[in-house]
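Novice: Okay, handing you the structure first.
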Amino acid sequence: MANPKHLYELLLDHCCSDAKVENLMIGLVWTLCQTTAKTNTGLAMSPGFPTRTLAWSGSLTGKSINELAGWIFKWNPYQASVAMAAINSCINSRPLPDSVVVENSGEHANLAVFEHFLPQLRNKKVVVIGHYPGIECYQNQMQLSVLERQPAAEDLPDSACEFLLPNADWVFLTASSIPNKTFPRLAELASNAKTVLMGPTVPWLSQLHEFGIDYLAGVEITDADALYHTAAQGGGVRIFERGLRYRIAELTPSLSMGWLKRQIADCVAEKYQLSQDMDSWYAAGNSSRYPKYALLEQVNTRLSRLDSSYKPLWDKHGSAAALLN
């Protein structure tokens, strides 16, 4: 297994921002973070069990997104969920990759991703990590196994992953596996399958192809206010009817390279602006450290990792990708 911390370091790279928390809400199903002026919103699945002893309740508004994002390494599930929502609020400030809109329609809008892939799934061995309400409707169309930490009905316990994932044709992996830290092992076990990372917790992270992910099925927020109120009022699958919709991106070499190139260009521009501001700061006679020096260091680190992700793709697929563009 590759360094399991690598994904989490990449997530923090993409969260280099001086944005502050405007609203932080831990709902029954979804945790939601909005930055100042509600310009960006991020989601993560809530832990799913109640607690009355969160020492930091009521103290997070006004804190920096960076500070909360650092909780992604915490083992406390509430802290990790807050961190994931904060990270997604930052990532969602950037343009989405080229992707297909999946319209939410029908009785089970939360199953739109499965409907999209259904022609490719029939009669295949399909393992779904995480129970999606209504998923059993596909039981007769594929060899379906649903793994769940708290199994119900026909679900299998999550420990079955060691036995089922290596032989699966398709794996649908809930992105809540990222904050709960099971993602690195699950992605490794699913390396022989077509793997879809899915759900509102999905971070639109260009480097996820490095972990064997073939498709991202994340969300695009279309109405932040409606989403906030729906989640705050206990909404689970109802958020798919109010405030967001699925988008699916296939992480082909061509798409990944184009996405990385755009992010590298944006990062270079951000670095240039910060460097110019720093020069002006010292030219004005200030002797103390430039106030955004830590942010500049984060941008440099992110740029280095983006370059490191782009180079092997170019070395392997560069000429072919150039012909496609």
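Every number here is computed from the coordinates shown, using simple stated rules; none is lab data. What you see is a predicted model; the values in this text were computed from it and never measured. Here Cβ is always computed from backbone atoms with ideal geometry, including for glycine, and neighbour counts include all displayed protein chains.
Novice: Compute the semi-axes of the equivalent ellipsoid of region 6-91, taking the square root of 5 times each eigenvalue of the Cα gyration tensor, and list them largest first in whole Å.
Specialist: Its equivalent ellipsoid spans semi-axes of 18, 15, 11 Å.
Novice: Rounded, prolate or oblate: which fits region 14-64, taking a ≥ b ≥ c as square roots of the Cα gyration tensor eigenvalues, rounded meaning a/c under 1.5, else prolate when a/b beats b/c?
Specialist: Prolate is the answer for region 14-64, as a/c is 1.5 or above and a/b outweighs b/c.
Novice: Quick one: putting +1 on the C-beta of Lys and Arg, -1 on the C-beta of Asp and Glu, what dipole do you get for region 6-91 around its Cα centre, in Debye to the nearest 20?
Specialist: 280
Novice: For a quick check: with amide H placed at 1.01 Å from N, whose amide H comes under 5 Å from Val128's, ignoring anything fewer than 5 positions away on the same chain?
Specialist: Counting only residues 5 or more places away or on other chains, the set is Ser145, Val146, Leu147, Phe172.
Novice: So, one more: At q = 0.13 Å⁻¹, what log₁₀ I(q)/I(0) does a Debye calculation on the Cα points of the chain give, no solvent, two decimals?
Specialist: Listed by q, the Debye log ratios stand at -0.99.
Novice: Charges at C-beta only: +1 for Lys and Arg, -1 for Asp and Glu. How large is the resulting dipole of the chain about its Cα centre, in Debye rounded to 20?
Specialist: Charge dipole of the chain: 460 debye, to the nearest 20.
Novice: Oh, and also: Among all cysteines in the chain, which have no other cysteine Cβ under 4.7 Å from their own Cβ?
Specialist: If one checks each Cβ against the other cysteines of the chain, Cys16, Cys33, Cys137, Cys161, Cys267 turn up with nothing under 4.7 Å.
Novice: Let a ≥ b ≥ c be the square roots of the eigenvalues of the Cα gyration tensor of region 256-324; is it rounded (a/c under 1.5), or, if not, prolate (a/b larger than b/c) or oblate?
Specialist: prolate
Novice: Could I ask something else about it? Which chymotrypsin sites (Phe, Trp or Tyr not before Pro) in region 1-74 pass both tests, a DSSP loop state and at most 14 other beta-carbon atoms within 10 Å?
Specialist: Passing both the DSSP loop test and the Cβ count: Trp56.
Novice: Another question, if that's okay. Taking θ as phi - 60°, what are the ³J(HN,Hα) couplings along region 136-150 by the Karplus curve (6.51, -1.76, 1.60), each to the nearest whole Hz, with x for Gly and Pro?
Specialist: Result, rounded to whole Hz: 5, 5, 9, 4, 8, 9, 7, 8, 8, 10, 10, 9, 8, 5, 10.
Novice: A follow-up question, please. From the residues Leu227, Ser287, Phe211, which one has its Cα farthest along the dipole of region 174-325 in the positive direction, the dipole being from +1 and -1 charges on Cβ of Lys/Arg and Asp/Glu about the Cα centre?
Specialist: Towards the positive end, the residue furthest out is Phe211.
Novice: Counting Lys +1, Arg +1, Asp -1, Glu -1, what net charge surrounds Lys125 among other residues with beta carbon under 14 Å of its beta carbon?
Specialist: Result for the local shell: +2.
Novice: Which residue fluctuates the most in the chain, going by a Gaussian network model with Cα springs under 10 Å, if the choices are Ala283, Ala160, Ala217?
Specialist: Of Ala283, Ala160, Ala217, the most mobile in the Gaussian network model is Ala283.
Novice: State to the nearest 20 debye the size of the charge dipole of region 207-325 about its Cα centre, where the only charges are +1 on K and R beta carbons and -1 on D and E beta carbons.
Specialist: 80
Novice: Mind giving me the FRET efficiency for Leu54 and Asn167? R0 is 41 Å, r the Cβ-Cβ distance, nearest 0.05 is fine.
Specialist: Approximately 0.50, to the nearest 0.05.
Novice: Gain in length, Thr222 to Glu107, computed as 0.36 nm per residue apart minus the alpha-carbon separation, to one decimal in nm?
Specialist: Contour length minus the Cα-Cα distance gives 39.4 nm.
Novice: Whose amide H sits under 5 Å from the amide H of Met142, counting only residues 5 or more places off or on another chain, with H placed in the peptide plane?
Specialist: Hits under the 5 Å cutoff: Asn123.
Novice: While we're looking at this one, here's another question. Just the Kirkwood number for region 100-252, please: inverse of mean 1/r across all distinct Cα pairs, in Å, one decimal.
Specialist: 15.7
Novice: With θ set to phi - 60°, apply the Karplus curve 6.51 cos²θ - 1.76 cosθ + 1.60 along region 58-70 and write out the HN-Hα couplings as whole Hz, x wherever there is a Gly or Pro.
Specialist: x, 10, 8, 4, x, 6, 6, 4, 4, 5, 5, 4, x
Novice: Listed here are the pairs Lys125/Lys181; Lys261/Lys316; Lys63/Lys271; Lys5/Lys74; which of them are more than 19 Å apart at the Cα?
Specialist: Lys125/Lys181; Lys63/Lys271
Novice: Normalised by the number of residues in region 100-252, what is the relative contact order in percent for Cα pairs under 8 Å and 6+ residues apart?
Specialist: In percent, rounded to a whole number, it is 23.
Novice: Need one number: % antiparallel among DSSP beta bridges in the chain, to the nearest 5.
Specialist: 50
Novice: Report the full-extension gain for the segment Leu295 to Ala152: residue separation times 0.36 nm, less the Cα-Cα distance, to one decimal in nm.
Specialist: That pair, Leu295 and Ala152, stretches by 46.9 nm at full extension.
Novice: Of Pro166, Gln276, Asn76, which is farthest on the positive side of the dipole of the chain, counting Cα position, with +1 on Lys and Arg Cβ, -1 on Asp and Glu Cβ, and the Cα centre as origin?
Specialist: Gln276
Novice: Summing +1 for each Lys or Arg and -1 for each Asp or Glu, what net charge is found among the other residues whose Cβ lies under 14 Å from the Cβ of Pro77?
Specialist: Once positives and negatives cancel, what remains is +3.
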